[in-house]
Structures are given as structure tokens and as C-alpha cells.
Amino acid sequence: MAFDSPAALLGAIREGRQTPAQLAGLLNTSEELLRSIGQDVPNILRELHVVHHSLAFAFLLAAMAGNELSEDQERFFVDTSRAFLLSCDASQVQLAPEKFAEICRKFTELMVAKGRARIAIAPLRSAVQRSRPSPNALTPAHPLLLQCCLLGKFYGLAEDHLYPQGTMRAQFKCLDVVDPKTTGLVVKDFFLYCYYGGMTLVGLKRYSEALDFFLRAFAVPATQVSAIVVASYKKYLLVSLLLHGQVCPIPEYTSQVVQRSIGSWCSEYLEVAKAFSTYEVGKLEQALEKHRSVLEADKNFGFAKQLIPSLSKRVIQRLTQTYLTLSLDDLAVKGGVGDAQAVLLEMIEKGEIHAKISQKDKMVAFPEDGDARVRDLSGGIDLAIDLGAEVESLDESLMTNRTFLQHHVTS
């Protein structure tokens, strides 16, 4: 039976005669009443305890979140939600996952709008811990937390909530998508988790992992192309060029609707990729400038500009396969770099090329990669020595193993 008045609602909550599950059922059948008492919610909440009455708090705050709020009401909602997310009873709020998710979304929306994303991080971390039915379950609070961490530039903190506990980072395994009835998760939450996860890893310059996250966002089954999918594919294109020097093809298992139409939403980015593939830095610079307004609107221009030095290095790497010697001036022109010597020294230090610079005549020599072959041979010898030592150690252990010796002698 649904509650018919705010007084009856408050009385039943404070009496505590129902179990949390029974109270959740009554509150679910009282949706119309909850929507109609938006103005009275603050007064009712002041009569309740945020921990003991966490379930009622969830329904009442969610009712507020669904209405237009005045400035005073927004202030009350933010302050109350913050205290609620930090201290609510996990067992109670997990009975109302959709309501809890509504609170988290509205709280994040208001905090971001007010430029207070950093302050939202601690409550959202708490929300993740209290709302997840299992340690590795993805919840609606995860992408909201990642969003606020990104805005606050806390990439390391965001990384802590990207992967399942107890897994190796190299596995690139995402959090578990469990029954949405237990988490309140919707498809948009998963898309945002992948998108913000990829953005986090870009911030950490872990591009291979970022590529994997962006791929997940547009490779899931879909009947239409959403704005988040398009944004993820644009990032995917840029990261592909930066990491591999080309656009990685879309997997065959991607939905047909995405495969057919995604390119039409990213034509400017595909033109940048085409310019990159010419290995002409000037053409790439022209393409970036031509589509600057689109890239800036997508907040991708700064990241896209990183393609210029990346392409310059790839051009220089190709030159090492074509020329034995080249002047620094020619190298600067062909590679599209200002200070060719500085770029060369950086690439040599990182082992990206093998070259010798003559300061006397300003020439660069690209010897055959004999040093690399020596290193490979040396590495092979070291490996053989290590394997030999392991075999010798194993032989010694077997020779002192009573069971082995008895079997060996008897046979």
C-alpha cells in the first residue's frame, strides 16, 4: 500500500516497523507522492538520520534530483547529497540502485557546473564503494568519478578505478558489467566509463591501453550511433596515428550501423589521418589548420598537434633507411623540424634510431644497425647462459632428490 501523505511517509520511516526490503517496496509504490512533495523534501530529510534512514534518503533525494531546483534547493541538495554519499548505509542503498544513481548524476552535474569537480571526488569514491554489489562491479558512479578526476587532473586517482582488483594492468580488462538491476547501470554509463577511461590513460600517456578503452566504446552492440561513440572514435583515430602511424581498422565484430556511418561523423579527422599517411609534415599542418575549428570544438586540437612531432620522427626514421648521410639542414627540411639536432639526440637517446652527428661539418651518418645486431647476439648469449645455469641447478636438485634417485636407479 502506497503512502498517501508526507506525514504518513515520515511516520512510517521513523517508526521503522518495516524491513529495508519492505520499505523499499512501499517507497516504490509511492512514486507519485514523492514527485509531488519536492518542496517538502528538505523538511522531511531534516527529521531523518542519514545512516539509519539511508534508504528513505535515497528515494527523497532522487525525488529532488528529478525536479527543477531553485538556487537554495540546489545548495541544500549538494550539501545533503555530499553527506549522504560519504556516510550512507551500503546495504540499504543497494536496495535502490537506480535512485542512488540519480543522486550521483545530479550531484556531479551541479558540482561540475559550479567548477567544484575536485570537491566531488571524495563523495563519488565513497559512492562507488557503497553501491557496488561486488568489488569489481561497474557502477553508474564510476564514470562520474572518472569525469571529476579528469577535470581535476588527478589521472593517477582515476586510474585506481579503471581495472578490476587483483589483475595485471597489461591484461586491459575492464570492470565487470553485472545485472543492471543490482547497480542501476545503463548503456550510457558504460560508454562514459570507456570514454573517460581512455581519456585518463591518454593523460598518463599510456596510449595502447587508451586505444583499448576507446575501442570498447564503439565496438559494443548498437542500433544507433551516439555522441559518445562518435567522440570515442575521434579519440581512437588520433591515438592510432600517434601510436601506430596509421588508423587501426574497426574490428569486424563492430555493429554494422557503426561501421557504415561512423566515418561520416568524423570526416575532418579522416582527412587529418590521410594527410598523416602522406608522410609530409606540411600537409599534416595544413589539414590541422583547416579543421582547427572542429578540433577545438571537440577539445582535441591540443592533442592532435602532437601528431606533428610524431610524424616528424617517423619521417626521420624513414630517412635512415634511405640515406647513409644527410646534412642537418636537409634533415630539418625533410623532417619538418626546427632544431634537427635536438630531435636527433632525443631519438638516439630513446633508441628510436641509430645515427652519428658530426659537429664539424654538420652532417648526420646513419650506419647500418650493427650495434642492434650485436645487442641481439649478446642478448641471445646471455639467455643461453641463463638457461644453462637453470639446467645445471635443476640437475643438481634432481641428483639430491631421493624419490628421483630411487626411481632412476630401479629403472
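The values are calculated or read from the model by the stated rules, or taken from the named source; none is laboratory data. All values reported here derive from a predicted model rather than from experimental measurement. Here Cβ is always computed from backbone atoms with ideal geometry, including for glycine, and neighbour counts include all displayed protein chains.
In region 184-207, the count of residues that are crowded, with 19+ Cβ neighbours inside 10 Å and more than 29 Å from Glu296 (Cβ to Cβ) is one or more. For region 49-104, residues that are free of Cβ contacts under 8 Å to residues at least 24 places away in the same chain and surrounded by 16 or more Cβ atoms within 10 Å (Cβ to Cβ) total 1. Going by the structure shown, is Phe276 surrounded by 20 or more Cβ atoms within 10 Å (Cβ to Cβ), at pLDDT below 90 and part of a helix (DSSP H, G or I)? Spelling it out, it is not the case that Phe276 is surrounded by 20 or more Cβ atoms within 10 Å (Cβ to Cβ), at pLDDT below 90 and part of a helix (DSSP H, G or I).
I'm trying to understand the selection: among the residues of region 334-366, which are under 18 Å from Thr322 (Cα atoms) and either aromatic (Phe, Trp, Tyr) or outside any loop (DSSP other than H, G, I, E, B) (or both)?
Taking region 334-366 and keeping what is under 18 Å from Thr322 (Cα atoms), we get 334-336, 340, 344, 347-348, 352-357, 363-366.
Within region 334-366, Lys334, Gly335, Ala340, Leu344, Met347, Ile348, Lys356, Ile357, Met363, Val364, Ala365, Phe366 meet the criteria.
Tell me which residues, restricted to region 284-328, are on the phi < 0 side of the Ramachandran plot and outside any helix (DSSP H, G or I). Walk me through it before giving the result.
Within region 284-328, the subset on the phi < 0 side of the Ramachandran plot is 284-298, 300-328.
Across region 284-328, the qualifying residues are His291, Asp298, Asn300, Lys305, Gln306, Tyr323, Leu324, Thr325, Leu326, Ser327.
For the condition under 23 Å from Ala127 (Cα atoms) and hydrophobic (A, V, I, L, M, F, W, C), Leu27 qualifies.
Taken over region 156-166, residues that are touching a residue at least 12 places away in the same chain (Cβ under 8 Å) and surrounded by fewer than 19 Cβ atoms within 10 Å (Cβ to Cβ) amount to 5.
Given the options Glu390, Glu352, Glu396, Glu368, name the one that is touching an Asp or Glu at 6+ places or on another chain (Cβ under 9 Å) and modelled with pLDDT under 75. Let's see the steps before the verdict.
Numbers: Glu390 fails: touching an Asp or Glu at 6+ places or on another chain (Cβ under 9 Å); Glu396 fails: touching an Asp or Glu at 6+ places or on another chain (Cβ under 9 Å); Glu368 fails: touching an Asp or Glu at 6+ places or on another chain (Cβ under 9 Å).
Residue meeting the stated conditions: Glu352.
If you filter region 320-340 down to residues that are under 36 Å from the mean Cα position of the chain (by Cα) and not β-branched (Val, Ile, Thr), you find that the one that is nearest to Lys362 (Cα to Cα) is Ala340.
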